[in-house]
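The values are calculated or read from the model by the stated rules, or taken from the named source; none is laboratory data. Because the structure is predicted, anything quoted here is derived from the model rather than measured. As a convention, Cβ positions derive from the backbone with ideal geometry for all residues, glycine included, and neighbour counts pool all protein chains shown. What goes into the accessible areas is simple: the full protein's heavy atoms, side chains included, and nothing from ligands, DNA or RNA. Shrake-Rupley method; radii C 1.70, N 1.55, O 1.52, S 1.80 Å.
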Amino acid sequence: MENDVTGRRQHNMVVHTPKVSTRWTHGVLVFFFFFAFCLLTTQVTGDCLHDGQRYSNQSIWQLTRCKVCTCDDPVPVCQNMHCRDPRCDYSSGQQLQVVDDECCPVCVDMGRPCLFQGQPVPDKTSWTPSHCVTCACDDGEVRCSRMTCPPVTCKPGQVSQSLPGQCCPRCLPSGRPCRDEEGSRREDGSEWSPLPCVLCVCRDGHSKCLPRQCPRPNCPQEDVVAPGPGECCSRCKSQQCNHHGQVYQDGEVWKTDTCTTCLCHSGAVHCKTHLCQRAPPCQQDEMAVSKPDQCCPQCLQKEGACEMESIRRFHRDIWNISDCEYCMCHHGDVQCRTLVCPSVQCAQEEVLVQPIGKCCPECITPSVCRHEDQTFQEGSTWDADACTVCTCIEGQVRCYHKACPLCPDGQSRVTRQGQCCGHCEPVQCSPACRSCVPGDSNHCTQCRDAGRLLQTGRCVDQCQDGYYPVANNTCLACHSTCKACIDGTKYHCTSCPPASLIKDGQCVSHCGSGYFLRNGQCLGKASVIFLYHDFIIPLLANSSRFRLVGS
């Protein structure tokens, strides 16, 4: 008996389906929706990427002393912490102090003040009367100690020197000074940037200026766009976001208002809005107030507001007018106090610094960089090879490489040890080579045909498996785990060896939790909709019991 058929028009298509489904049809649909439900409800947390660090969904971290962030997959939402007047009893000797890395000042009980060189000093404060001496007031008694410096062993071409304002000596270059492009004197070992992406260094009377090295963008060549204003390296256009006419880079976070935070992630804008209570439950003498820099209203006292520099403050509000001065609103009166710094004793490997934006000095361990199994101090510069200069900036290695001019046709570059570009010499190369390795006419260093690619000394029409093309018409080797790739790291694979599976651009032995296997690929929960369109719909459409008829 034939089934009755009903029809409905959707998107210029008439879909005819039977009123009574067969067991097979039910099986396919039930399987798909059960699978999608299980996958979407699996407890696989998302994550956020912020300042190069990855955080799990709903985790909380302190970005700065007064800013706390929460991961709301995939948007990192950061809010400033707000302090309240701690109500110190100044008449009994209490003082304001910011303890360790806390944001808000607290009340500390002070002992007897000290007298140093005829000047009164509050208790529990520290100061540095000279570069190598630190003093502290301890309940009326001044205690001073001399800093101990670690032993210094300098490399050849360096000399140990004590710089003005510093206690311990450092290893500094001992060569001749240079003159920069404007004729100004530059000391040996100094560095400067005449342009945003160029680093110049002085080496024993000779200045060397090199462009910054940039990693290849992780996208096809046609998607690469030139650096923007103030940038050095190219980006992927498809990973940029356009939000209300403003262009944001991949990974950039911004706020559209006090309650909404947005993130640009791989070309898509993700926004999260914090929802507030309609009206917080306030006491009879309080009222709900929405401050300009806060998302949700809070309960504040109706009486006792203060005005300072045209800004309205409320009772028990506290704010800083400088790094060391805090003001408080107390029943309509503004009272300002100066922070008292705690005494600080640095360990031998630490240095005492005055951080920008903070009142009190702190002990820090200087950042270091690791490069080719060597350790370099923060701010140091070194020659990685004859053509490359690297510098250590905030614990990150940044390298600048000199580009050598091309040799004329029929000549090849010859470099000797310690040289960067060397010189060009005539050489007889095979017809496919524009230049070749001296002594090996078949080992090309450049191809004569500009449309061909150079791969391990041979000119080829396209990169073979295990290699990928780069901008200078060269094929570079993929990571050893990849069969094919678009870049040289293990996270840029496009296909894998037979025994491996591809998962988010990486070749792995198994998919792991939250992923399912399809055609050698590990797909996540976001791929369920693609499974529906790519598998379920074609499967149903090709069934003899379902027909898709064009209008």
If I ask for residues that are under 19 Å from Gln97 (Cβ atoms) and outside any strand (DSSP E or B), which ones from segment 347-372 would you list? Gln354, Pro355, Gly357, Lys358, Cys359, Cys360, Pro361
Counting only residues that are touching a Phe, Trp or Tyr at 6+ places or on another chain (Cβ under 6 Å) and either modelled with pLDDT of 90 or more or crowded, with 17+ Cβ neighbours inside 10 Å (or both), segment 493-514 contains a total of 1
In segment 355-369, how many are free of Cβ contacts under 8 Å to residues at least 12 places away in the same chain and either surrounded by fewer than 12 Cβ atoms within 10 Å (Cβ to Cβ) or under 26 Å from Asp204 (Cα atoms) (or both)? 1
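Residue under question is Gln354, and the condition is that it be at pLDDT below 85 and either closer than 30 Å to Met147 by Cα or in contact with a Ser or Thr (Cβ under 7 Å, 6 or more places away or on another chain) (or both); does it hold? I'd like the intermediate steps shown before the answer.
Values: at pLDDT below 85: yes; either closer than 30 Å to Met147 by Cα or in contact with a Ser or Thr (Cβ under 7 Å, 6 or more places away or on another chain) (or both): yes.
It is true that Gln354 is at pLDDT below 85 and either closer than 30 Å to Met147 by Cα or in contact with a Ser or Thr (Cβ under 7 Å, 6 or more places away or on another chain) (or both).
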Expected output for segment 98-124 (first residue under 23 Å from Asp323 (Cα atoms), partner open to solvent by 40 Å² or more (accessible area, probe 1.4 Å) and among the polar types (S, T, N, Q), Cβ below 7 Å, 6+ apart or cross-chain) is Val108/Gln95; Met110/Gln95; Pro122/Gln95; Lys124/Ser343
Does Thr456 satisfy the condition of being surrounded by 14 or more Cβ atoms within 10 Å (Cβ to Cβ), modelled with pLDDT of 85 or more and more than 30 Å from His510 (Cβ to Cβ)? no
Any residue at all in segment 160-179 that's closer than 18 Å to Asp385 by Cα and outside any strand (DSSP E or B)? no
So the check is Cβ under 8 Å with 6+ separation or different chains; which pairs have a first residue in segment 413-432 that's farther than 14 Å from Ala386 by Cβ and a second one that's in a loop (DSSP other than H, G, I, E, B) and modelled with pLDDT of 80 or more? Pro431/Arg448; Ala432/Arg448; Ala432/Asp449; Ala432/Arg452
Qualifying positions in segment 315-331 - open to solvent by less than 30 Å² (accessible area, probe 1.4 Å) and either farther than 22 Å from Pro122 by Cβ or part of a loop (DSSP other than H, G, I, E, B) (or both): His315, Asp317, Trp319, Cys329
Output for segment 404-426, where each listed residue is modelled with pLDDT under 80, touching a Pro at 6+ places or on another chain (Cβ under 7 Å) and open to solvent by 20 Å² or more (accessible area, probe 1.4 Å): Gly410, Gln411
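Which members of segment 380-392 meet the condition of being under 21 Å from Gln158 (Cβ atoms), over 18 Å from the mean Cα position of the chain (by Cα) and open to solvent by less than 50 Å² (accessible area, probe 1.4 Å)?
Ser380, Thr381, Trp382, Ala384, Ala386, Thr388, Val389, Cys390, Thr391
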Per the filter on segment 438-451, residues in a loop (DSSP other than H, G, I, E, B) and open to solvent by 70 Å² or more (accessible area, probe 1.4 Å) are Pro438, Gly439, Arg448, Asp449, Ala450
Taking segment 271-300 and keeping only residues that are surrounded by 13 or more Cβ atoms within 10 Å (Cβ to Cβ) and of a type in the set (Gly, Ala, Ser), one is left with Ala288
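Considering segment 427-437 alone, what residues qualify as being in contact with a Lys or Arg (Cβ under 8 Å, 6 or more places away or on another chain) and open to solvent by 40 Å² or more (accessible area, probe 1.4 Å)? Explain how you work it out, then say what you get.
Initial filter on segment 427-437 (in contact with a Lys or Arg (Cβ under 8 Å, 6 or more places away or on another chain)): 431-435.
Across segment 427-437, the qualifying residues are Pro431, Ala432, Arg434.
Answer yes or no as to whether Val224 is touching a Leu at 6+ places or on another chain (Cβ under 9 Å), of a type in the set (A, V, I, L, M) and open to solvent by 30 Å² or more (accessible area, probe 1.4 Å). Even if it seems obvious, please write down each step before you answer.
Working: touching a Leu at 6+ places or on another chain (Cβ under 9 Å): no; of a type in the set (A, V, I, L, M): yes; open to solvent by 30 Å² or more (accessible area, probe 1.4 Å): yes.
No; evaluated as a whole, the condition is false for this residue.
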If I filter segment 393-403 down to residues being open to solvent by 60 Å² or more (accessible area, probe 1.4 Å) and in a loop (DSSP other than H, G, I, E, B), which single residue comes out as nearest to Pro196 (Cα to Cα)? Lys402
Pair list, Cβ < 8 Å and 6+ apart or interchain, from segment 334-350 residues that are basic (Lys, Arg) to residues that are outside any loop (DSSP other than H, G, I, E, B): Arg337/Tyr90; Arg337/Gln95; Arg337/Leu96; Arg337/Glu325; Arg337/Tyr326; Arg337/Cys327; Arg337/Met328
Say whether the condition of being in contact with a His (Cβ under 9 Å, 6 or more places away or on another chain), open to solvent by less than 50 Å² (accessible area, probe 1.4 Å), under 22 Å from Glu378 (Cβ atoms) and not β-branched (Val, Ile, Thr) is met by at least one residue in segment 137-155. no
Out of the residues in segment 161-191 meeting the condition of being among the hydroxyl-bearing types (Ser, Thr, Tyr) and free of Cβ contacts under 8 Å to residues at least 12 places away in the same chain, tell me which one is nearest to Cys346 (Cα to Cα). Ser162
